[in-house]
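The values are calculated or read from the model by the stated rules, or taken from the named source; none is laboratory data. Note that the coordinates shown come from a computational prediction; the quantities given were computed from them, not determined experimentally. When we count neighbours, we look across all protein chains shown, and the Cβ atoms used for this are built from the backbone with ideal geometry, even at glycine. Remember, those area values only see protein heavy atoms, side chains included, never the ligands or the DNA or RNA. Shrake-Rupley method; radii C 1.70, N 1.55, O 1.52, S 1.80 Å.
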Amino acid sequence: MSDDPRVREGRSADLPALRAIQAAVLAEPWEELLAVAADGPPVLLVAIPRDAGAASGGTATPVGYALAVTDGDDDAGYLAELAVAPDHQGEGYGSALLDALVERLRASEVERLRVTVREVDDDARAFYRERGFERVERLSDHYERGDGLLLERPIDG
């Protein structure tokens, strides 16, 4: 797991907070996957507020999460959802979650990480581009309201 004290494994008790973040941030949330991820096997990492620190014992209410799935037959992981509460965006939680996820997948011998973003979401595209993701494919009508882009980066990159 990451050395970043703001990131820990997700727990079932986190689900109400994560559902609220999911509903506030994602245009097309995948509610069922979030519910399953709390008990595994999808990878669920959560970010806790900086000011919670060790005093909370890691029980502070999460302000963001990353949810990824892997397929044993493929050397790639898929970042299904990365979301940070609107009032905590721009504070480094998304980067901390992505870094911890990459570290976790590297330990699992995953070689590549993929993510799909809305083609019109310039902020998301810039976020992932700055973190080494490159466009692999344009996905017509991937979302209910538009096209998507499949992005990918090597885990060691």
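Measuring nothing but protein heavy atoms, the accessible surface of the chain at 1.4 Å probe radius is 46 percent carbon and sulfur. Measuring spread by the Cα atoms of the chain yields a radius of gyration and Dmax of 14.9, 48 Å. When +1 charges are put on Lys and Arg Cβ atoms and -1 charges on Asp and Glu Cβ atoms, the dipole computed for the chain relative to its Cα centre reaches about 400 debye. Proximity of backbone amide H atoms, modeled 1.01 Å from N, is registered between Val7 and Ile48 at under 5 Å, excluding neighbours fewer than 5 places apart on the same chain.
Principal-axis analysis of the Cα atoms of the chain puts helix 15-25 at an angle of about 40° to the longest axis. Name the residue farthest towards the positive end of the dipole of the chain from the options Ala27, Leu98, Gly64, assuming +1 on Cβ of Lys and Arg, -1 on Cβ of Asp and Glu, about the Cα centre. Farthest towards the positive end: Gly64.
About its Cα centre, the dipole of segment 69-131 is roughly 100 debye, where the only charges are +1 on Lys and Arg Cβ and -1 on Asp and Glu Cβ. What the phi angles of segment 84-89 give under the Karplus curve with 6.51, -1.76 and 1.60, with θ = phi - 60°, is a coupling list of 10, 3, x, 7, 10, 5 Hz, glycine and proline written as x. Rolling a 1.4 Å probe over the protein heavy atoms gives the chain an accessible area of 53 Å² per residue.
GNM on the chain, alpha-carbon springs under 10 angstrom: the most fluctuating residue among Ala85, Ala17, Ala66 is Ala17. Computed from phi, the 3J(HN,Hα) profile of segment 61-69 under the Karplus parametrisation 6.51, -1.76, 1.60 (θ = phi - 60°) reads 5, x, 10, x, 7, 10, 10, 10, 10 Hz, with x in place of Gly and Pro. The residue list Ile48, Val110, Ala124 was ranked by how far each Cα lies along the charge dipole of the chain toward its positive end, using unit charges on Cβ atoms, and Ile48 comes out on top.
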